[in-house]
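What follows is a short report on a single structure.
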């Protein structure tokens, strides 16, 4: 799933089970396909394979398998059939029910972290190591560091990654409404001082426009943080810890965070920022953007917003739409050390195969095929012959005229196929991105891909060393983490609504005191130890 990095980002996960999921107690509910070929491998594409699949997110809904041209091709040509088990919008609650009933699906698509480890320790997951050499794609495209970091405490691999990468990826940053910007004289927009001056002009000239849109949960505030100091990615906010002197230290005493919140509070109280920054829905944000009622926006997935807004506005006015800009910064900060988005070599979420599966090797073979070149072309461009024909030496599909003539249909299909992209390969797709872009006719370029090439991939920070720092929820550190997270969320909201810079300072001091009383120091030590373990695995000294 290619969504925000506020993982992104964009996204707490749990596991669940639909009550009426037929066949779940039988493993895969269908033909297991255990036939092997002469090399002792599962005969993928020759022997039928059926398995059940659970997307462990409240928001996730898998489209009907075989109902689109890509999965119909997989069903017909690779003999794979998948039965979806819906979350019912309550993934976390259903996790406990599913485990208690010992009725796991064959595959669970979820976040890396505590829930995976809980299932592993309970003996419910299949180790994938025996399949790595048999099926070559994951080993080829994922770095050895990625596979090493995915291994559990027992040294075995249980997780098949989604959107792993060897190259920078990312979608976070800033977009600007082109018409408003032009009508206001196209002023310099590089620093936060520039931004403040520009937003004041917008407010004076366009009373019905949101000067600065920060999208859901105030994501844009976190994006601001990345510009108040060099090498200060938004990851520090999500991990509630800032590296300093070889230790992970309190976010609440970070001067960069203080300056960020004082600036954000100023924008809010002067009504230069959206006034429902912490309560609005994504649909509400998209409606404002596509209607052209936003002057500047910052988000973890700003490329999606920019593309949606540009397509909608250009349908009525060829000069309208949004432009991606280089991340904004404090005057003294080096523009080349501002990271508005981030990536890690592990990508986003993972697939785990449970011990309920009758044919775990067949499932691995499918995921490995899906993450390879053929699978990635299929799930991103459709079957060969429809919208593309042939490939170049890098495996880039040669797009046909139909791909551009039916751009709306292609966009609709991409939305469907996104629900099946369980083993997205950013290494491959990023590698061919520029060659895909070169095939677009003038005026029909893909806005999002162009924005990634021009800005977001160049301003994406490798945060791999900071992954997997979260403790198990039911551990002492996990309980402390939840308390500190609650303190952070409450303080962040109060600081945004503060009446002065001094009030922001007072609120930060109180939050730091409350966090320390909740055991923050113990949590920071735990995270520091995990961070050092990561560095060791990555070969850092």
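Evaluate E = 1/(1 + (r/R0)^6) for residue 293 and residue 101, where r is the Cβ-Cβ distance and R0 equals 51 Å; express this FRET efficiency to the nearest 0.05. That gives a FRET efficiency of 0.55. In percent, rounded to a whole number, the relative contact order of region 60-111 is 30, using alpha-carbon pairs under 8 Å and six or more apart.
In summary, region 173-343 shows an alpha-carbon radius of gyration equal to 1.02 times the 2.2 N^0.38 Å reference for compact globular proteins. Spatially, region 88-104 and region 349-395 are offset by 28 Å when compared through their Cα centroids.
Region 335-478: D in µm²/s via Stokes-Einstein (Kirkwood Rh, Cα pairs, 4 °C, 1.567 mPa s)? It diffuses with D of about 73 µm²/s by this estimate. Remark on the chain: hydrodynamic radius 24.5 angstrom, per the Kirkwood mean of 1/r across alpha carbon pairs.
For residue 402 and residue 188 in the same chain, what is the full-extension length gain: residue separation times 0.36 nm, less their Cα-Cα distance, in nm?
Numbers: separation 214, 0.36 × 214 = 77.04 nm, distance 4.01 nm.
Working it through step by step, the gained length comes to 73.0 nm.
Here r is the Cβ-Cβ distance between residue 500 and residue 281 and R0 is 51 Å; the resulting FRET efficiency, rounded to 0.05, is 0.95. Full extension of the chain between residue 93 and residue 331 yields a length gain of 81.0 nm, computed as 0.36 nm times the residue separation minus the alpha carbon distance.
Rounded to 0.05, the FRET efficiency of the residue 196 and residue 139 pair, given R0 = 51 Å and the Cβ-Cβ distance, is 0.55. Tell me the relative contact order for region 358-501 as a rounded percent, counting alpha carbon contacts under 8 Å between residues six or more apart. Across region 358-501, relative contact order equals 17 percent.
Each value in this text was obtained by applying a stated rule to the coordinates, not by laboratory testing. Quantities reported herein were computed from a predicted structural model and do not represent experimental measurements. Here Cβ is always computed from backbone atoms with ideal geometry, including for glycine, and neighbour counts include all displayed protein chains.
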